[in-house]
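Q: Please see the structure below; I have some questions.
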Amino acid sequence: MDLKPIFQNVVEGQADAVTSGVKAALAAGVDANTILNEALIAAMDEVGHQFEEGELFVPEMLVSARAMQAGLTLLKPHLAVGGTRSSGKVAIGTVKGDLHDIGKNLVAMMLEGAGFEIVDLGVDAAPEAFIEAVKNGAQIIGMSALLTTTMSNMKVTIEALKAAGLREQVKVMVGGAPVTEDFAKSIGADAFAPDASSATRAARQLLG
Ligand code: B1M
């Protein structure tokens, strides 16, 4: 089945058309991961490209994000790869100053599907929110950042965990478009994942 119309409708922010397109693709037996990667995520990359080129602006980007979320909601049950309940407790959030949540939501969704208990700290999550989550039993904290200007807040959060005497009792995983393995190491994170499925694998490894 041709996934280009879904791609195009995400770019154009047509949420209803994305919903019907994703429904039709699923009904035709297209794999949910294929729809996710080749239509939804690819479309957001195109949106980012057009934004860089000055061809579209923040409001359009937001409307595309909503259209993507509409598709993602339909894919959720199909992406959830059965895991045993209570694989561990993960508190996940987008770091302070950063409002991008699609990637973070996708990672949370996949982790939940793999049996992890998820505490969603939302966007613009301050170090204190992560600290509170660790005090409440989170075994992993997951930080997402999409902006080069906010990724440094991952380090700020790790330093705050140290200052609170909590660093040794929690694993830290980081990810997001500008984040790299080297950056993760440089700030003292325990794991980096480039995408949602590797995040699930990394979380399993972190908890042994
Ligand atoms: Co923004 N934005 N945005 N934006 N936006 C980017 C990130 C940008 C690259 C666009 C561009 O210029 N090409 C650029 C950043 C440039 C930079 O920092 N170098 C940018 C900018 C500049 C901005 C504003 C500053 C624009 C402005 O106001 N002038 C502003 C900042 C607001 C803020 O946060 N304070 C802004 C705002 C927005 C919207 C609100 C309009 C909207 C977000 C809506 C929402 O999230 N609800 C938006 C969008 C949609 C984008 C793009 C187009 C798409 C992001 C996305 O959802 N991708 C983006 C361009 C792009 O990324 N190509 C862009 C799809 C998503 C599935 O991928 O989040 O990378 P991603 O997640 C992946 C992996 O990274 C990984 O797994 C996910 C699944 O594979 N991952 C993790 C993510 N988190 C992880 C955590 C993990 C592990 C893996 O462990 C915990």
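Q: Taking the Cα centroid of the stretch 95-131 and of the stretch 1-49, what is the distance between the two, rounded to the nearest whole Å?
A: The stretch 95-131 and the stretch 1-49 have Cα centres separated by 23 Å.
Q: If you count, for each residue, the other Cβ atoms within 10 Å and average over each peptide, how do 135-141, 8-14 line up from highest to lowest? Could you put the intermediate results ahead of the total?
A: Numbers: 135-141: 18.7, 8-14: 21.3.
So the peptides 135-141, 8-14, ranked by packing, come out 8-14, 135-141.
Q: Once R0 is set to 35 Å, what does the formula 1/(1 + (r/R0)^6) return for the Cβ-Cβ distance between Phe57 and Ile118, expressed as a FRET efficiency to the nearest 0.05? Provide the component values of the computation, followed by the final result.
A: Values: r = 33 Å, r/R0 = 0.93.
Efficiency, from the Cβ-Cβ distance: 0.60.
Q: Given R₀ = 35 Å, FRET efficiency for Thr34-Thr148 by Cβ-Cβ distance, to 0.05? Intermediate results must be reported in sequence, preceding the final value.
A: Details: r = 30 Å, r/R0 = 0.87.
For Thr34 and Thr148, the calculated efficiency is 0.70.
Q: Let me ask something additional. Taking the Cα centre as origin and putting +1 on Lys and Arg beta-carbons and -1 on Asp and Glu beta-carbons, what dipole magnitude results for the chain, to the nearest 20 debye?
A: Working: 16 positive and 25 negative charges, 194 e Å.
Dipole size: approximately 940 debye.
Q: How far is helix 152-163 tilted off the main Cα axis of the chain, in degrees rounded to 10, range 0 to 90?
A: Approximately 30 degrees, to the nearest ten.
Q: Give the residue from Phe57, Asn136, Leu106 lying farthest towards the positive end of the charge dipole for the chain; charges sit on Cβ (+1 for Lys and Arg, -1 for Asp and Glu) and the dipole is referred to the Cα centre.
A: Asn136
Q: If you don't mind, another one. Compute the helix-to-body angle for 102-113: its Cα long axis versus the longest principal axis of the chain, expressed 0 to 90° and rounded to tens.
A: Tilt relative to the chain: about 80 degrees.
Q: Still on this structure, I have one more. Accessible area per residue for the stretch 89-206 in Å², computed with a 1.4 Å probe and the full protein assembly in place, what is it?
A: Details: 5020 Å² over 118 residues.
Result: 43 Å² per residue.
Q: Build a GNM of the chain with springs between Cα atoms under 10 Å: which of His100, His78, His49 gets the top mean-square fluctuation?
A: Residue with maximal mean-square fluctuation among His100, His78, His49: His49.
Q: Can you list the HN-Hα couplings for the stretch 164-180, worked out from phi with the Karplus curve (6.51, -1.76, 1.60; θ = phi - 60°), rounded to whole Hz and with x for Gly and Pro?
A: Whole-Hz 3J(HN,Hα) from phi for the stretch 164-180: 8, x, 10, 4, 6, 9, 9, 9, 10, 10, 10, x, x, 3, x, 7, 10.
Q: For the charge dipole of the stretch 4-82, defined by +1 on Lys and Arg C-beta atoms and -1 on Asp and Glu C-beta atoms about the Cα centroid, which residue among Met68, Ala28, Ala43 has the Cα displaced farthest towards the positive pole?
A: Final value for the positive-end residue is Ala28.
Q: Tell me whether the stretch 89-206 comes out rounded, prolate or oblate; compute the Cα gyration tensor, take square roots of the eigenvalues as a ≥ b ≥ c, and use a/c under 1.5 as the rounded threshold.
A: Numbers: a/c = 1.26, a/b = 1.05, b/c = 1.20.
In terms of gyration-tensor shape, rounded.
Q: Between the helical axis of 58-79 and the dominant principal axis of the chain, each derived from Cα atoms, what acute angle in degrees is found, rounded to the nearest 10?
A: 80
Q: Ignoring ligands, DNA and RNA, what percent of the 1.4 Å accessible area of the chain is carbon and sulfur? Before the final figure, lay out the partial values.
A: Numbers: 5340 of 10100 Å².
Looking at the chain in its full context, I get 53 percent from C and S.
Q: Can you pick out the pairs among Lys76/Lys155; Lys96/Lys171; Lys4/Lys96; Lys135/Lys171; Lys23/Lys96 whose Cα atoms lie more than 25 Å from each other? Kindly include the intermediate steps, with their values, before the conclusion.
A: On the way: Lys76/Lys155 31 Å; Lys96/Lys171 19 Å; Lys4/Lys96 35 Å; Lys135/Lys171 13 Å; Lys23/Lys96 35 Å.
From the list (Lys76/Lys155; Lys96/Lys171; Lys4/Lys96; Lys135/Lys171; Lys23/Lys96), the Cα-Cα distance tops 25 Å for Lys76/Lys155; Lys4/Lys96; Lys23/Lys96.
Q: So, one more: Report, in deg cm²/dmol and to the nearest 500, the calculated mean residue ellipticity at 222 nm for the chain, where each DSSP H run with n ≥ 4 adds -39500 (n - 2.57) and the sum is divided by the residue count. Let's see the in-between values first.
A: On the way: 9 runs with 104 residues, N = 208.
Using -39500 (n - 2.57) per qualifying helix, the result is -15500 deg cm²/dmol.
The values are calculated or read from the model by the stated rules, or taken from the named source; none is laboratory data. Quick caveat: nothing in here was measured; it's all calculated off a predicted structure. Reconstructed Cβ throughout: ideal geometry from the backbone, glycine too, with neighbour counts over all protein chains shown. For accessibility, only protein heavy atoms count, side chains too; no ligands or nucleic acids. Shrake-Rupley method; radii C 1.70, N 1.55, O 1.52, S 1.80 Å.
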